[in-house]
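These notes are about the structure you will find just below.
The values are calculated or read from the model by the stated rules, or taken from the named source; none is laboratory data. These numbers come from a predicted model, not from an experiment. Positions of Cβ are backbone-derived with ideal geometry, glycine not excepted, and every protein chain shown enters the neighbour counts. Quick note on the areas: whole protein, heavy atoms, side chains included, nothing else; ligands and nucleic acids left out. Shrake-Rupley method; radii C 1.70, N 1.55, O 1.52, S 1.80 Å.
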Amino acid sequence: MDLAALEQRAREELDGCTDEAGLRAWYSKYFGRQGEVQQALGRLKDVPPAERPVYGKEVNRIKETLTRDYEAKLAHVKELALTRSLAHDALDVTLPGRPVPRGRLHVATRVMREIRAIFADMGFQVYRSREVEDDLTNFELLNMPPHHPARDMWDTFHTTTPGVILRTHTSPGQIHVMRELCPEPIRVILPGMCYRYEAITQRSEIQFEQVEGLCVGQSVTMADLKGTIVAFARRLFGQGRQVRFRSSYFPFTEPSIEVDIDWPQEDPNADRLTKGTGWLEIMGAGMVHPVVLRNGGYDPDRFSGFAFGMGPQRITMLKYAIDDIRQFWGNDLQFLEQF
Ligand code: DAH
């Protein structure tokens, strides 16, 4: 076995290797299980005893120097590859990042929160009331006996359980809150979803939100109602706003009013919105009817109260010049992303 020839061949091939894959192939050729240097080591036992020490020493020297040179070269090649990749595939940290799409609150939620905040500042708490009602609470206890013509104002979704309906307005919440808190004074708003069995058009949806208000105490007057509404309207629509009260009719209030605000003439939509009158209706309201107070547990000779009800979708449409109420629950991102 010519160890010198083996060493020379191995070294030449090692010098010829230029990358990691080549080096590893070289290593397994000489040092793998069937590797040539390994085999040379294995042949030690076949060498005549007298030559063994020299042979053994030589083959070990070859193994050690080759291994050392291989490892040095491998490290060098890896280093080179790393330097090359750093220079080549450099990461440009100054490039702008990919935008992360940001969610936001639905415009209906934002306006609802604004309304809540305004009333919170005036001492109104939020009272949550159910969306499924019985006929008694949605109508009768609000002073609308069966067959009362005023029921025609609210087209109703009935369920398969007789007498159980989807509330057509938030007013039945008045009964719940009065019965829970009587005889304490009350100052609450009752926000929530209402349902009406109506044709869906640009101006009416089968589901929509309302914010009911109720204030009950020992000396609550119409002046309190007016002051509260004017303060609310000016905070929501702007301090310069004029507020107008018109007499109206609701079964659960007496007297009943409707509330208008003036609409800025500068707004190009003003004429269309106000039908040329300059005024725009924002809510119904009134002094709580004695029958309703009694149904809530309050003695109308000692207690009085005011109530109001408004539709935040309508108000949002005014605020942002939205001309189709169906946009609110249509899930159209192009619409929603404007707000
Ligand atoms: N419930 C009425 C409706 O849905 C709105 C309303 C009017 C509520 C006058 C009130 C009120 O509390 O006093 O049309």
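Data for the structure
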{"read-out": "Any pair with Cβ under 7 angstrom, 6 or more apart, that starts in segment 282-305 at a residue that is on the phi > 0 side of the Ramachandran plot and ends at one that is away from the ligand (no atom under 15 Å from the Cβ) and hydrophobic (A, V, I, L, M, F, W, C)", "value": "Gly297/Cys182"}
{"read-out": "Qualifying residue in segment 251-263 (condition: under 25 Å from Glu140 (Cβ atoms) and part of a loop (DSSP other than H, G, I, E, B))", "value": "yes"}
{"read-out": "Selection from segment 266-298 of residues that are away from the ligand (no atom under 13 Å from the Cβ) and of a type in the set (Asp, Glu)", "value": "Glu266, Asp267, Asp271"}
{"read-out": "Unmet requirement for Phe335, which otherwise passes all of (1) open to solvent by 20 Å² or more (accessible area, probe 1.4 Å); (2) within 22 Å of the chain's Cα centre (by Cα)", "value": "(1)"}
{"read-out": "Identity of the residue in segment 249-265, open to solvent by 80 Å² or more (accessible area, probe 1.4 Å) and within 16 Å of the ligand (Cβ to nearest atom), that ends up farthest from Gly305 (Cα to Cα)", "value": "Tyr249"}
{"read-out": "Identity of the residue in segment 187-211, away from the ligand (no atom under 13 Å from the Cβ) and hydrophobic (A, V, I, L, M, F, W, C), that ends up surrounded by the fewest Cβ atoms within 10 Å (Cβ to Cβ)", "value": "Ala199"}
{"read-out": "Total residues in segment 180-193, condition in contact with an Asp or Glu (Cβ under 9 Å, 6 or more places away or on another chain) and within 21 Å of Phe306 (Cα to Cα)", "value": "6"}
{"read-out": "Hey, Ser256 touching an Asp or Glu at 6+ places or on another chain (Cβ under 7 Å) and free of Cβ contacts under 8 Å to residues at least 60 places away in the same chain or not", "value": "no"}
{"read-out": "Test: Ile315 is out of contact with any His (no Cβ under 8 Å at 6 or more places or on another chain), within 16 Å of the ligand (Cβ to nearest atom), modelled with pLDDT under 90 and of a type in the set (A, V, I, L, M, F, W, C)", "value": "yes"}
{"read-out": "All positions within segment 142-186 that are assigned to a helix (DSSP H, G or I), more than 11 Å from the ligand (Cβ to nearest atom) and within 30 Å of Gly123 (Cα to Cα)", "value": "Ile175, His176, Val177, Met178, Arg179, Glu180, Leu181"}
{"read-out": "So Arg98, is it of a type in the set (Lys, Arg), under 58 Å from the mean Cα position of the chain (by Cα) and farther than 26 Å from Asp15 by Cβ", "value": "yes"}
{"read-out": "Close pairs from segment 14-43: first without any contact (Cβ under 8 Å) to a residue 60 or more places away in the chain, partner open to solvent by less than 50 Å² (accessible area, probe 1.4 Å) and among the polar types (S, T, N, Q), Cβ under 8 Å, at least 6 apart", "value": "Phe31/Thr67"}
{"read-out": "Residue in segment 266-304 that is most open to solvent (accessible area, probe 1.4 Å), counting only those that are of a type in the set (A, V, I, L, M, F, W, C) and at pLDDT 95 or above", "value": "Val291"}
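Yes/no per residue for (1) in a strand (DSSP E or B); (2) away from the ligand (no atom under 16 Å from the Cβ); (3) in contact with a strand residue (DSSP E or B) (Cβ under 9 Å, 6 or more places away or on another chain):
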residue	(1), (2), (3)
Leu214	yes, no, yes
Ser219	no, yes, yes
Arg235	no, yes, no
Gln239	no, yes, no
Ser247	yes, no, yes
